[in-house]
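What follows is calculated from the coordinates using simple rules that are stated; it is not laboratory data. All figures in this text were calculated on a predicted structure; none of them were measured in a lab. As a convention, Cβ positions derive from the backbone with ideal geometry for all residues, glycine included, and neighbour counts pool all protein chains shown.
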Amino acid sequence: MRCPFCGSIKDKVIDSRSTKDDCEIRRRRECEECGGRFTTYERIEEIMPVVKKKNGEREPYDRNKIKKGLMISCQKRPVSAETIDQMIDKIEKELQSYEKKEVETSFIGDLVMEALKEVDKVAFIRFASVYKEFGEPKDFIAKANEVREEKK
């Protein structure tokens with residue numbers, strides 16, 4: 001690991017432990033050059049399907065794209081960064097269990113909407129408004145009514 005403070009690659013592991021969900025190992029490291037301490041996370045590299053976009057292009061799966069969309073949808077909502085990471089982990093598990101090597105963006109979008117609906121209804125409607133390309137106020141109202149009806 002390269003030290004974030006001085007750039008040296010000489011470090012030692014001071015402490016290692018599993019994260020709460022046992023999906024990562026958290027390592028506390030100390031640089032042997034400058035003495036700076038930093039944390040790294042190690043996780044299994046999982047093989048994800050290729051993503052097929054609406055325009056037909058194909059690109060590798062990118063966790064950060066989902067995270068960015070979730071962060072924007074959950075902005076100023078009572079949703080923690082940890083909860084967002086848990087939603088992404090759940091979505092990735094679903095994608096890994098998907099039997100095909102290629103998945104459409106619409107499938108990923110539906111998984112994101114499902115996860116958001118369970119966590120925060122307002123964030124769900126925000127995401128849906130972009131994902132489903134709402135063009136009129138009535139689209140927001142219809143989605144809000146749909147969410148309200150599901151509660152009953």
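For D11, the residues whose amide H sits under 5 Å from its own are E32, ignoring neighbours fewer than 5 places away on the same chain, with H placed 1.01 Å from N.
Annotation: lysines with alpha-carbon distance below 24 angstrom to K138 (same-chain offsets under eight excluded): K76, K117, K121, K151, K152.
Axis angle, to the nearest 10 degrees, between helix 63-73 and the longest C-alpha principal axis of the chain: 60 degrees.
Listed values for region 49-59 are Karplus-derived 3J(HN,Hα) couplings in whole Hz (6.51 cos²θ - 1.76 cosθ + 1.60, θ = phi - 60°), namely x, 6, 9, 9, 7, 4, 7, x, 5, 10, 8, and x replaces Gly and Pro.
Converting phi to 3J(HN,Hα) with the Karplus coefficients 6.51, -1.76 and 1.60 and the offset θ = phi - 60°, region 23-33 yields 9, 9, 10, 9, 10, 9, 10, 10, 6, 7, 8 Hz in sequence order, with x at every glycine or proline. Taking P137, P60, P49 as the candidate residues, the one with maximal mean-square fluctuation in a Gaussian network model of the chain, Cα springs under 10 Å, is P137. Against the longest alpha carbon principal axis of the chain, how many degrees, from 0 to 90 and to the nearest 10, is the axis of helix 81-97 turned? The helix 81-97 is inclined about 80 degrees to the chain.
Between R43 and Y98, the FRET efficiency estimated from the beta carbon spacing at R0 = 22 angstrom works out to 0.70.
Computed packing ranks the peptides 65-74, 7-16, 126-135 as 65-74, 126-135, 7-16, most packed first, by mean other Cβ atoms within 10 Å.
Count Lys and Arg as plus one, Asp and Glu as minus one, and take only other residues whose Cβ is under 11 Å from that of E94; the net charge is then -2. This model, with +1 at the C-beta of Lys and Arg and -1 at the C-beta of Asp and Glu, gives region 50-151 a dipole about its Cα centre of some 280 debye. Think of the chain as a dipole: +1 on every Lys or Arg Cβ, -1 on every Asp or Glu Cβ, centred on the Cα centre; then among C6, M87, I25, C6 lies furthest on the positive end.
At full extension, D62 and E33 could sit 7.0 nm farther apart than now, given 0.36 nm per residue minus the alpha carbon distance.
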